[in-house]
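S.K.: One structure is given below, represented as structure tokens, and several questions about it will come after.
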Amino acid sequence: MGKYFGTDGFRGEANVGLTVDHAFQVGRYIGYYYGRGHKGKIVIGKDTRLSSYMFEYALSAGLTASGADVYLLHVTTTPSVAYVTKTDGFDCGIMISASHNPYYDNGIKLINGNGEKMADEVTNQIEKYLDGQLPVVPYATREHIGRTVDYAAGRNRYIGYLISLATHSYKGVKVGLDCSNGSTWMIAKSVFEALGAEVSVINNTPSGTNINLDCGSTHIKGLQEFVKEKKLDVGFAFDGDADRCLAVDENGNLINGDLILYIYGTYMKKRDMLTTNTIVSTVMSNMGLGKALEAAGIDWIQTQVGDRFVYETMRAGGHLLGGEESGHIIFSKYATTGDGMLTAIKLMQAMLDQKQPLSKLAEPVTIYPQLLKNIQVTDKDAAMNAPSVLKAKEEAEEMLQGDGRVLLRKSGTEPLIRVMVEAPDKKLCEKCVDHIADAIQALQPGK
């Protein structure tokens, strides 16, 4: 990770950690970088945050000032930006979103011409430019100044692409959608209705300040209650920029990313579609997933946390399915990034093809109790490597007696250390997590 760009773009509180001037300067450098030898062509999408409009205008000003043409998708999803960037021949795509973070945060996600997350070598150059370590980019003049173009047609093509991937009519299926007051608020309902579903929607009235607020994939209880109350067949919850999806079965039970990987992975294996016989996930995936995949005869690779690492491993090995427990699911045959809407369509395919509800399809997986605690720190590296913290981790592992695991990691986007423990017993999870958390908190100023 760099100074500004983490595992998922440049993210921070709007006009505090990520300012309008940052956005303008990022646009200035990208416009220059992709304008060497030809006129740069950049596509921009945004989520529903209050500050997304401000950053859209600042980026557009910087890009056009450097001579690039800018195409605006307006409010749309991160995967749609990746899709349009790749299919419509753009040099670069930009998504303005802080994903699942609260409304007052925002972010700049950069996507290369192949629809993939931007390489570190490019973001490193942008960081140098932001810090004044590179010469100031010259302004374009006269006919070389860039222009902005309304490109809602690109978003509509993405919607058409999603609809084309469905293999069944959804007629008679009662589907609940939680749009998180975010990017899917205009897309999700129209896609499912076009496919014939009986659609019930919650959290699709964005105000600019209610994105992810007690809703969406990070607050799944609302959809769980909604599915039970309305007696729906299935529910899908997205996060703010819709690169994540979690599901709810007909009984209101959570179907998280691990269960989604199992359900669709075993569906693919039964049909000889899982060509490498391998599913990729991160170290945050539950031990229960690994045991269930082993029983199904499917190989399992784990990467460090971050969907970009999952995708890189999938691309290197030619694997077709991977993702994270949090709901970033990548179907590499169809997309280069996690795509919540695509995930929902693929889960519908597995249900309807097998004529089984999600509850039945997830039944073979026994999820170990897992507890995750986030501890705010002033120095992530110092906290991770402190002897007292390492000793507490070792002691927690001894408590588990080989039946469970402990994972400590730094957040890629916030000043947090994440402590995760899996064990056969919830109380043992709590005991181990608290033991390590206490050691980390004891190091913080004022403790």
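The values are calculated or read from the model by the stated rules, or taken from the named source; none is laboratory data. In this text the structure is predicted, and so the values were computed from the model without any measurement. Cβ placement follows ideal geometry from the backbone for every residue including glycine, while neighbour counts extend to all protein chains displayed.
S.K.: Being assigned by TED's automatic domain parsing to the domain that holds V175, among the basic types (K, R) and not in a helix (DSSP H, G or I) is the requirement here; does K291 meet it? I'd like the intermediate steps shown before the answer.
M.R.: Values: assigned by TED's automatic domain parsing to the domain that holds V175: yes; among the basic types (K, R): yes; not in a helix (DSSP H, G or I): no.
Here the answer is no, as K291 does not meet what is asked.
S.K.: Considering each residue of segment 9-50, count those that are surrounded by fewer than 22 Cβ atoms within 10 Å (Cβ to Cβ) and part of a loop (DSSP other than H, G, I, E, B), and give that number.
M.R.: Number of matching residues: 9.
S.K.: Test of understanding: among V234, V280, which residue is under 26 Å from V75 (Cβ atoms) and touching a Gly at 6+ places or on another chain (Cβ under 8 Å)?
M.R.: V234 is the lone residue from the list that is under 26 Å from V75 (Cβ atoms) and touching a Gly at 6+ places or on another chain (Cβ under 8 Å).
S.K.: Using beta carbons and a limit of 9 Å, which pairs, at least six apart or on different chains, have the first residue in segment 207-232 and more than 21 Å from H328 (Cβ to Cβ) and the second one assigned to a helix (DSSP H, G or I)?
M.R.: These pairs meet every condition: G208/S52; G208/Y53; D214/K221; D214/G222; L232/F226.
S.K.: Restricting to segment 86-122, what's the tally of residues that are touching a residue at least 60 places away in the same chain (Cβ under 8 Å), in a helix (DSSP H, G or I) and over 19 Å from the mean Cα position of the chain (by Cα)?
M.R.: Number satisfying all stated conditions: 2.
S.K.: Inside segment 244-280, can you point out the residues that are among the small types (G, A, S) and without any contact (Cβ under 8 Å) to a residue 60 or more places away in the chain? Even if it seems obvious, please write down each step before you answer.
M.R.: Applying the first criterion (among the small types (G, A, S)) to segment 244-280 yields 247, 252, 257, 265.
Hits for segment 244-280 are G252, G265.
S.K.: Now for a different question. Being under 30 Å from R155 (Cα atoms), of a type in the set (A, V, I, L, M), in contact with a strand residue (DSSP E or B) (Cβ under 9 Å, 6 or more places away or on another chain) and in a strand (DSSP E or B) narrows it down to one of I330, I375, so name that one.
M.R.: I330
S.K.: A follow-up question, please. Here are some residues: G146, G132, G172. Which one is modelled with pLDDT of 95 or more, in the same structural domain as E225 (by TED's automatic domain parsing) and not in a helix (DSSP H, G or I)?
M.R.: Residue meeting the stated conditions: G172.
S.K.: Still on this structure, I have one more. Restricting attention to strands (runs of 3 or more DSSP E) lying wholly within segment 181-260, give those where 2 or more residues are at pLDDT 95 or above, farther than 21 Å from I159 by Cβ and outside the structural domain of A14 (by TED's automatic domain parsing).
M.R.: It comes to 245-248.
S.K.: Same structure, new question: Which of the residues that make up segment 115-129 are of a type in the set (A, V, I, L, M) and either under 18 Å from G62 (Cβ atoms) or assigned by TED's automatic domain parsing to the domain that holds G306 (or both)?
M.R.: M118, V122, I126
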